[in-house]
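The block underneath contains the structure these notes are about, expressed in structure tokens.
The values are calculated or read from the model by the stated rules, or taken from the named source; none is laboratory data. For clarity, every value in this text was computed on a predicted model and none was experimentally measured. As a convention, Cβ positions derive from the backbone with ideal geometry for all residues, glycine included, and neighbour counts pool all protein chains shown.
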Amino acid sequence: MLSMKRNLFCVCLILISFLSNAQKKPVSFKDSLDGKFDVSDYIIEANGFVPIPYIITEPALGGFGFAVAPVFIKRNPPYIDTIRGQVKRTPVAPNITGGVVAYTLNNTWLASAFRSGTLVKRRIKYVIGGAYANINMSYFRNTPQEEDKEFAFNFKTIVGFLQATKRISFSNWYAGFKYLFLNTDVRYKGTLPDFVKSQEVHSTVSQFGLVLELDNRDNVFTPNKGVKVHLDGNISANFLGSDYEYYRLNYYMYAYAQFSKKFVGGWRLDGQQAFQDPPFYLLPYIDMRGVPASRYQGQADILTELEGRWDVVPRWSIVFFGGTGKAFDEWNEFGSAKWIVSGGTGFRYMLARKFGLRVGIDLARGPETWAYYIVFGSNWLK
């Protein structure tokens, strides 16, 4: 339900629309080193209102859609740290304020507003946002009459989100909190399936969590080396105003290594676990290219992916990837749970050399279907 936020947030940092006339001076779209098409200078000089287009390719939402994100971008000064008598300047991401309007082929649509920024003096990163969404999505369950039966639902939901993390000393570690609010109406044609409780037809989720994160990647867009490790634990409870009592644990790691001048390898490990009884639409699910969102759900899931990028020439790269995972309810069921496998290939173009930003398209095959993905930076974004 919230998967679109990953790429939309990245796009707000990097895809500055060519329709904008906010420049005070002409900016070249050719790189100063090789003369190829490059938007680095445009990103650096961009200031003020910018409309950003984005194509939605999620199979669970119809396979195609379009979003527009009008944003206002304000650059931040760097962190200035004095470590053992030496001054170190660390770049800080810009503040971004804006909205998103989106529509897909299965009549899913949303309207949202958000702000992402940094309190530089206090070393605090934050994201705050809200949305109203009308989402059409199918869920699958085994029934006595049919294996993997499809159930089509409509969700009308109000979303609120807040996350804030503070840098720990001069390290690459951050710690903080997150909060999620959902007020959701669930609609289904016919008699509700057994896995949907009457409580879930109209309900509120109010969820608070703690976050711990390490990020020493050399690039937040398309990394060549380094790791990002994330852990958050969350509680949804009546005393927070929630209709549900449950706990949720999310963890993931992205690791990158540059094995040669032209080859970069990546490894992803990702897992989630829900305890007690969350609503069915917030159960953990396998999130990989080639697998529709929420297609394989359980009380827990764990997956791993490998990805390789071969830089054939300085601007163009070939990407290949593959992964597998399982969704299950109890850990003693892990051995008997079905392995879900997906893989594919794609290409990247170095769109902004000064930012290390590559964009491209991936084609992936899961257990049932082919899917394509437009990738800005990296597909591994959370």
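Is it the case that the range 174-182 has a residue that's more than 30 Å from ARG89 (Cα to Cα) and aromatic (Phe, Trp, Tyr)?
Yes, that holds for at least one residue.
Of all residues in the range 314-343, which are closer than 30 Å to ASP38 by Cβ and crowded, with 21+ Cβ neighbours inside 10 Å?
SER317, VAL319, PHE321
Could you list, in sequence order, the residues of the range 345-361 that are in contact with a Lys or Arg (Cβ under 6 Å, 6 or more places away or on another chain) and touching a residue at least 60 places away in the same chain (Cβ under 8 Å)?
ARG348, MET350, ARG358
Filter the range 146-182 down to the residues that are of a type in the set (Val, Ile, Thr) and at positive phi and list them by number.
Result: no residue meets the conditions.
Please go through the range 108-152 and pick out each residue that is within 17 Å of the chain's Cα centre (by Cα), surrounded by fewer than 17 Cβ atoms within 10 Å (Cβ to Cβ) and either outside any strand (DSSP E or B) or not small (Gly, Ala, Ser) (or both).
Scanning the range 108-152 gives ARG115, TYR126, ILE128.
Look at GLY35 and say whether it is of a type outside the set (A, V, I, L, M, F, W, C), within 30 Å of ARG289 (Cα to Cα) and at pLDDT 80 or above.
no
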